[in-house]
Amino acid sequence: MPRVIIVGGGLAGPCLAHGLRGAGFEVALHERDEGLSRGQGYRIHIDPVGTRALYECLPPHLYSMAIDTSCVAGTSVTMLSGSLDVVNRFVVNPDPGAPVTPDSDISVDRLTLRQILLAELGDAVRFGSEFTRFDLLPDGRVRAHFAGGASEDADILVAADGPSSRVRRQLLPDASVVRTGTWAVFGKTPLTPDAEAITPPAALDGFSAVIAPDGRFMPLAGHRFRKDPNSLASGLDFPDTRDYLMWVLAIQEDLSGLGPAALLDAVEDRISDWHPDLRRLVRLSDPETVRVTPLRTAEPVDPWPSGPVTFVGDAIHCMIPAGSGAGVALRDAGLLSTELGAALRDGSPLVEAIARYERQMLIYGFEAVAASLRPRF
């Protein structure tokens, strides 16, 4: 049975692990974190290609759980002024009550989906396992090394370890990921009755954003679970299943040295001339969810000679948040799983399957990167 090592346990890595196991591969997934992090749980959009990848890779009951715990659909994308007046509104989903299919757009809570994706992988997942480097072996296989001196051999190594991928830095040292000069401060405000009463209606009916003439930009999006994850007979214990408002403030200043309380003060200060309800919503945030991160984007990569090492998601084509990154990463997982599964069935070389995958991934992946950089509003 061919063996695959996946480095990184975000979304694409576990999705790929399920797909490969279903196709007949032995899989080991290494994640450097000790476990799930509450700060990783925010609403993200997944396009139909990403939803299809979940459908094709996951066992049916886990796919159903992912859909059942996705966000109640909204209808519109709405631009708001600082005074919360509607500037523009686009209806993007005229039938929000339509059944979800494997070809639907969905929005999910990232932490909830990640927990579902990691379910039932058992001892294939190694938390607290930090990848350091790899060696290409004379027999065409690959050896992965981990902090503490451990190593494992496999037929294939897949990097799913994000924008700072150590695998990419070793295999493709000239593949650049650059900072855009913008940082995003983001957090979650639980939709208690008090918070919901002052939340702009547009933020509860899809995606909205406050835009100021000076360039300030603050997305707002409510997340209401279709079903409470803990109400499902899943055997999983989801840590936080409250409905919430996700907010993000894009700024041109590095605030990475600040803790949650200071970040909340900084956000309030920068929106002090906007509607007071926005400041109240920020102040009602769960401090444990408040984070700041630089926005980064990958520069286009020329094709390289395919081998037993490849990439999915942000490890190769990271992009600024534009509602497409998660879907593209899951598309990678689905396509790579399909190509490798077909090669295993017909007995063709796995490296040829990787080459077919990479030819397609580099095109659609960097098209998505370019699209994320274009003005949207």
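The values are calculated or read from the model by the stated rules, or taken from the named source; none is laboratory data. Please read all numbers here as calculations on a predicted model, not as lab measurements. Cβ atoms come from the backbone with ideal geometry, glycine included; neighbour counts cover every protein chain shown.
Among the residues of the range 328-377, how many are surrounded by fewer than 22 Cβ atoms within 10 Å (Cβ to Cβ), over 17 Å from R52 (Cα atoms) and small (G, A, S)?
Residues that pass the stated criteria total 9.
Residue under question is R143, and the condition is that it be out of contact with any strand residue (DSSP E or B) (no Cβ under 7 Å at 6 or more places or on another chain), modelled with pLDDT of 95 or more and either assigned by TED's automatic domain parsing to the domain that holds A28 or not polar (S, T, N, Q) (or both); does it hold? Quick ask: steps written out before the conclusion?
Details: out of contact with any strand residue (DSSP E or B) (no Cβ under 7 Å at 6 or more places or on another chain): no; modelled with pLDDT of 95 or more: yes; either assigned by TED's automatic domain parsing to the domain that holds A28 or not polar (S, T, N, Q) (or both): yes.
Here the answer is no, as R143 does not meet what is asked.
From the list G323, G327, which one is within 26 Å of V108 (Cβ to Cβ) and in contact with a helix residue (DSSP H, G or I) (Cβ under 7 Å, 6 or more places away or on another chain)? Don't jump to the end; show me each part of the working.
Details: G323 fails: in contact with a helix residue (DSSP H, G or I) (Cβ under 7 Å, 6 or more places away or on another chain).
After applying the criteria, what remains is G327.
Considering every residue within the range 127-139, establish whether at least one is among the hydroxyl-bearing types (S, T, Y), in a loop (DSSP other than H, G, I, E, B) and within 19 Å of the chain's Cα centre (by Cα). Quick ask: steps written out before the conclusion?
Restricting attention to the range 127-139, the residues satisfying the condition of being among the hydroxyl-bearing types (S, T, Y) are 129, 132.
Filter once more, keeping what is in a loop (DSSP other than H, G, I, E, B): 129.
Cutting the leftovers down to within 19 Å of the chain's Cα centre (by Cα) gives us none.
No - not one qualifying residue is present in the range 127-139.
Among the residues of the range 197-212, which ones are touching a helix residue (DSSP H, G or I) at 6+ places or on another chain (Cβ under 8 Å) and farther than 10 Å from L281 by Cβ?
Applying the first criterion (touching a helix residue (DSSP H, G or I) at 6+ places or on another chain (Cβ under 8 Å)) to the range 197-212 yields 198-200, 204, 208, 210.
Within the range 197-212, L204, S208, V210 qualify.
Taking the range 242-270 only, how many residues are in contact with a Lys or Arg (Cβ under 6 Å, 6 or more places away or on another chain) and crowded, with 18+ Cβ neighbours inside 10 Å?
Summing the residues that are in contact with a Lys or Arg (Cβ under 6 Å, 6 or more places away or on another chain) and crowded, with 18+ Cβ neighbours inside 10 Å in the range 242-270 gives 3.
Could you say whether any residue in the range 179-191 is part of a loop (DSSP other than H, G, I, E, B), over 25 Å from the mean Cα position of the chain (by Cα) and outside the structural domain of S76 (by TED's automatic domain parsing)?
no
Out of everything in the range 1-24 that is among the hydrophobic types (A, V, I, L, M, F, W, C) and either part of a loop (DSSP other than H, G, I, E, B) or in contact with a His (Cβ under 8 Å, 6 or more places away or on another chain) (or both), what residue ends up being nearest to V167 (Cα to Cα)?
V7
Mind checking which strands (runs of 3 or more DSSP E) fall wholly inside the range 25-113 and carry at least 1 residues that are within 23 Å of M218 (Cβ to Cβ)?
43-46, 76-80, 86-91, 106-109
Does at least one position in the range 145-155 carry a residue that is surrounded by 20 or more Cβ atoms within 10 Å (Cβ to Cβ) and within 21 Å of the chain's Cα centre (by Cα)?
No; the residues of the range 145-155 include none that is surrounded by 20 or more Cβ atoms within 10 Å (Cβ to Cβ) and within 21 Å of the chain's Cα centre (by Cα).
Any idea how many residues of the range 168-215 are closer than 24 Å to A298 by Cα and surrounded by fewer than 21 Cβ atoms within 10 Å (Cβ to Cβ)? I'd like the intermediate steps shown before the answer.
Within the range 168-215, the first condition is being closer than 24 Å to A298 by Cα, and the residues that meet it are 168-186, 215.
Adding the requirement that they be surrounded by fewer than 21 Cβ atoms within 10 Å (Cβ to Cβ) leaves 169-184, 215.
Residues flagged as closer than 24 Å to A298 by Cα and surrounded by fewer than 21 Cβ atoms within 10 Å (Cβ to Cβ) within the range 168-215 amount to 17.
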